[in-house]
1. So, R0 is 35 Å and r is the distance between the beta-carbons of E98 and Y25; what FRET efficiency does that work out to, to 0.05?
2. How much length is gained if the chain between L59 and A87 is pulled fully straight, taking 0.36 nm per residue apart and subtracting their Cα-Cα distance, in nm to one decimal?
3. Provide the gained length on full extension for the span V5 to I122, in nm with one decimal, where the gain is 0.36 nm per separating residue minus the Cα-Cα distance.
4. Sum -39500 (n - 2.57) across every DSSP H segment of at least 4 residues in the chain, then divide by the residue count to get the 222 nm mean residue ellipticity, nearest 500.
5. Out of residues 5 or more away from Q112 or on other chains, whose amide H comes under 5 Å of its own, with H placed 1.01 Å from N in the peptide plane?
6. With a cut-off of at most 15 other beta carbons within 10 Å, and DSSP calling the residue loop, which trypsin sites (Lys or Arg not before Pro) in segment 18-91 qualify? Please list them.
7. Name the residues whose placed amide hydrogens come within less than 5 Å of the amide hydrogen of L65, ignoring near sequence neighbours (fewer than 5 apart) on the same chain.
8. Through the Karplus equation 6.51 cos²θ - 1.76 cosθ + 1.60, θ set to phi - 60°, convert the phi angles of segment 21-36 into ³J(HN,Hα) values in whole Hz; use x for Gly and Pro.
Amino acid sequence: RAALVGALETLRDSYAPQEMMIVEYRDTSDGDGIFRKYGAFLIGDELIPHHIQYSTEWLVKQSMLDDEALLRAELDYVTGPEPNEAALREAFALAGIEYGRIDFSVDADGIQVWEINTNPMIVGPETPEGIRLEVREHIAERIVDSLTRLARR
């Protein structure tokens, strides 16, 4: 806290408060140093698990690890119910968002939200193979089905 207050005092002369943002780093890696960035879509009232991306770096933009067990865990995640549903629904509700993808990690204290993207990429341009292809096909099918149900309402 003291370091934050000191930094804010130093920056006060150069920046207006509305020009600053405070971001706290939270280490959500596991005992092996692997970070997991989860993603889940909210489409209307449907919550759809979207991905787990793995990396040994805290900034996770895509999966950097191709370990078979990790890939299987991602497939299990996207084909099952969202294990953090209540907390994710609360985060979407607090943000007033009915469509988007939330990116988050999980640690001993629960979910740690990284961002909610209201114009998310559904699937990337790459052509995956093997388990990654299964993951993508499942995600695409669930999202199309959800959007179709929403459009019919």
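1. E between E98 and Y25, to the nearest 0.05, is 0.70.
2. 7.8 nm
3. Going from the current span to full extension adds 38.1 nm.
4. Result for the chain, helices only: -12000 deg cm²/dmol.
5. S105, V106, D107
6. Answer in residue order: R26, K61.
7. Amide H neighbours of L65, under 5 Å, 5+ apart: Y54.
8. 9, 9, 10, 9, 7, 10, 7, 10, 6, 8, x, 9, x, 9, 8, 10
The values are calculated or read from the model by the stated rules, or taken from the named source; none is laboratory data. All values reported here derive from a predicted model rather than from experimental measurement. Here Cβ is always computed from backbone atoms with ideal geometry, including for glycine, and neighbour counts include all displayed protein chains. The accessibility values were calculated without ligands, DNA or RNA, using every heavy atom of the protein model including side chains. Shrake-Rupley method; radii C 1.70, N 1.55, O 1.52, S 1.80 Å.
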